[in-house]
Amino acid sequence: CGVFGIYSRHDDVALNTYWGLYALQHRGQESAGITLTDGCQMDVQRGMGLVGEVFRKGLPEMPGAHIAIGHVRYSTTGSSLLINTQPLMVSYSGGHISLAHNGNLTNARELRVDLEQKGSVFQTSIDSEVIVNLIARSGKDTIEDRVLESVARIEGAYCLVIMTDDKLIGVRDPHGFRPLCIGKLNGGWVLASESCALDSVGAEMIRDLAPGEMVVVDDAGPRYYSFAAGNRRALCIFEYIYFARPDSVIDGQSVYAARFAMGRQLARESGFKADLVISVPDSGTTAALGFSYESGVPFAEGLIKNRYIGRTFIQPEQQKRDTGVRIKLNANRAVVEGKSVIMVDDSIVRGTTSGKIVKMLKEAGATSVKMCVSSPPIGYPCYYGIDTSARKELIAASKQVEEIRDFIGADALYYLSLEGLHGSVANIDHGRMCYACFNCDYPCNIPGGEEAAGSK
Ligand code: SF4
Ligand code: MG
């Protein structure tokens, strides 16, 4: 998911949130929503689909609104339904609260059962509603203490953007699984999942929130609270491999530079040679350029992507994904006919995309297709907000590299090594990242305990 928030008395907060969500659209395409407040009333507008579709008939209007938050959703818990869209909004004895969440809680089920026994009623099936309930039920006096008390009880991955009638709050979980940054705009303040959203509204990046940090913004400006020093840092490596936009900088590391380095390293490790290097656009393109730069094999556009279709992977059901591939990508005969090609993609999850693409390239006349993947084999599921799916669907959970090569019909297949991946994210100590979907080293409890890692 993607989250955005703004506190400003000088800007149209609804419009800026809309632009910010547009820049974060790659983080989720199932639904979008914006909440606004003028200090007295709070109003939310949510809908299914892309940001542009949800707000096609106009943005929510509220004269004097000075705080807004927004969310784009990519479902990992709770089905893709209108009821499960965010931001969530509730009123309680202390006023209104709206909340947008990126990530996945790993103890939501236990907390929910506990809250239900104490009389809470849940309206959605998403884990994020647990957090709203904890905040609303807290016995503390200030919103700062209510949020801190609540986050002390939740586990897993969460970046939160929360608004009350007079404050904007951002929270990044103690492991720092997902990114969250703060920027400055005309004397106002902006929170966003990725720096590309700050750029899009013309905000100046101040910094990333640290893992285990909360920021509270009101007319006095931002105040920072550190609530969980000493936890293992575990920024998700998949943000660099696939999820984030290449023009974003996360925790001081450019996403583009990381992907380019992955491609260069792939060229060195694989030693593959061919007439051309092509990418599976868009997610494989930066690594393919790095491969070409390092190897000297020319880059060409052997696959053309339909620009008007979203990320196939992010369609929740397999059927939508299967038809999605052919509509999304087509082989470019003028480029590949009679040529041997190296095809670079960022990851193989189920193997469905890759198999179809190899077949298309051969039908378009490619004489051989060697596939290079800018991440290691994904053998374990993610419990922290990326839908790499159940273990039984992960092709690398049950097949060796040679069997996968055979399954996708490629002439050769090479995956980037874990060490090569570490080296590509040069600005971050690799002990501070999560690689669990490659090595099963989960940084915090997963639902159902350790034994579930092999069975989900
Ligand atoms: Fe990211 Fe993989 Fe860790 Fe999930 S398990 S947070 S996808 S690195
Ligand atoms: Mg892709």
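The values are calculated or read from the model by the stated rules, or taken from the named source; none is laboratory data. Just so you know, these numbers come straight off a predicted model, no measurement behind them. Here the Cβ positions follow ideal geometry from the backbone for every residue, glycine too, while neighbour counts run over all protein chains shown.
Values as computed for the structure displayed
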item	result
Meets criteria (at pLDDT 95 or above and either small (Gly, Ala, Ser) or within 12 Å of ligand 2 (Cβ to nearest atom) (or both)) for Val336	no
Single match in Phe260, Phe291, Phe238 (criterion: within 16 Å of ligand 1 (Cβ to nearest atom) and among the aromatic types (Phe, Trp, Tyr))	Phe238
Exclusive hit being more than 18 Å from Phe407 (Cβ to Cβ), modelled with pLDDT of 95 or more and either within 16 Å of ligand 2 (Cβ to nearest atom) or of a type outside the set (S, T, N, Q) (or both), set Ser374, Ser347	Ser374
Flag if Cys437 is within 20 Å of the chain's Cα centre (by Cα), over 20 Å from Thr286 (Cα atoms), assigned to a helix (DSSP H, G or I) and touching a residue at least 60 places away in the same chain (Cβ under 8 Å)	yes
Residue match in region 382-401 (condition: of a type outside the set (Asp, Glu), within 21 Å of Ala287 (Cβ to Cβ), surrounded by fewer than 21 Cβ atoms within 10 Å (Cβ to Cβ) and touching a Gly at 6+ places or on another chain (Cβ under 8 Å))	yes
Any strands (runs of 3 or more DSSP E) falling wholly within region 64-169 and containing at least 3 residues that are modelled with pLDDT of 95 or more and within 26 Å of Glu194 (Cα to Cα)	67-73, 95-102, 159-163
Close pairs (7 angstrom Cβ cut-off, 6 or more residues apart or separate chains): over 13 Å from Tyr256 (Cβ atoms) and in the same structural domain as Ser374 (by TED's automatic domain parsing) in region 283-299, assigned to a loop (DSSP other than H, G, I, E, B) and away from ligand 2 (no atom under 11 Å from the Cβ) anywhere	Ser292/Pro298; Val297/Lys273; Val297/Ala274
